[in-house]
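Here the structure is laid out as structure tokens; the discussion comes afterwards.
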Amino acid sequence: MKRAIKEEIANMGKRLYERRLNGGYGGNISVKDDEVIYITPSGLPKDILQYSDIIVMDFKGNVLEGTGKPSSEMLFHILIYKTREDVNAIIHSHPPLATGFAIAGKEIPPGIHEESTIVLGKVPVLPYEVTSSKELAKNVSDALSKSNAALLANHGAITVGDTLETAFRRMEELENLCEMILVAQSIGKVNKIPQEKLEALLELIRKRTKKS
Ligand SMILES: [Zn+2]
């Protein structure tokens, strides 16, 4: 299996921790490559992962390489990859501000900030389901079939991407956006981009994605 992918995942654990997008034992990271899934092990904090800790498994969750157990939340990683052919990387973490929005049940509509609208689109809040459950996996894969980011009530956030870097940038953007909303609310109110301008922006995004 590929050492470079394992190193990228271990390094991502440190980046998420240092950027305050994850902490403690929470979260999990995976990359799909050549019909296998590279995923973080269960029971280890993500900031101290070594490349050799990363587990390689098939789409049934059978371990192909690695000594630990794959993340207990592997079920939703597998289902997302089955649902979204274009997704090659998934990050689930517990960023404090975005998770606060998830706890409050506040979904994030597009049109609050230009860059976030382009990078994230709509970010729904999914109802609480117990960690590692089939219900959680089903809700997450359903929501992410139409979205690149989701909040999990009383739990955390998930972002996906064609690369791990894209999934990371989406998580970073999500946390930034939650901070911007909190600042706007504390000194005034959240003003949205006017509807006709938002439609023009969404049309521009549609054209750009068609071209790429
Ligand atoms: Zn979690």
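The table for this structure:
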{"item": "Packing-based order for 114-122, 181-189, 128-136, using average beta carbon neighbours within 10 Å, highest first", "result": "114-122, 128-136, 181-189"}
{"item": "Kyte-Doolittle mean at least -1.0 and Cα axial length at least 18 Å: DSSP H helices in the chain", "result": "3-18, 164-187"}
{"item": "The chain, helix-only ellipticity at 222 nm - DSSP H runs n ≥ 4, -39,500 (n - 2.57), divided by all residues, nearest 500", "result": "-14000 deg cm²/dmol"}
{"item": "Gaussian network model of the chain, springs between alpha carbon atoms under 10 Å - residue of 45, 109, 194 with greatest fluctuation", "result": "194"}
{"item": "Gain on full stretching of the segment that runs from residue 130 to residue 85 - 0.36 nm per residue minus C-alpha separation", "result": "13.6 nm"}
{"item": "Label-to-label distance, nm, for residues given as residue 208 and residue 106 (7 Å Cα→Cβ offset)", "result": "2.6 nm"}
{"item": "For residue 126, distant residues with modelled amide H under 5 Å away", "result": "151, 152, 153"}
{"item": "Estimated FRET transfer efficiency (residue 162, residue 47; beta-carbon r; R0 25 Å; 0.05)", "result": "0.50"}
{"item": "Gyration tensor (alpha-carbon) shape descriptor, the range 92-212, a/c threshold 1.5", "result": "oblate"}
{"item": "Protein accessible area in the chain, 1.4 Å probe - carbon and sulfur %", "result": "53 percent"}
{"item": "Under 22 Å from residue 189, Cα to Cα: lysines that are on another chain or at least 8 residues apart", "result": "106, 122, 197"}
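The values are calculated or read from the model by the stated rules, or taken from the named source; none is laboratory data. This one's a predicted model, so the numbers in the text were calculated from it and none came from an experiment. Counting neighbours? That spans all protein chains shown, and the Cβs are built from the backbone with ideal geometry, glycine included. Remember, those area values only see protein heavy atoms, side chains included, never the ligands or the DNA or RNA. Shrake-Rupley method; radii C 1.70, N 1.55, O 1.52, S 1.80 Å.
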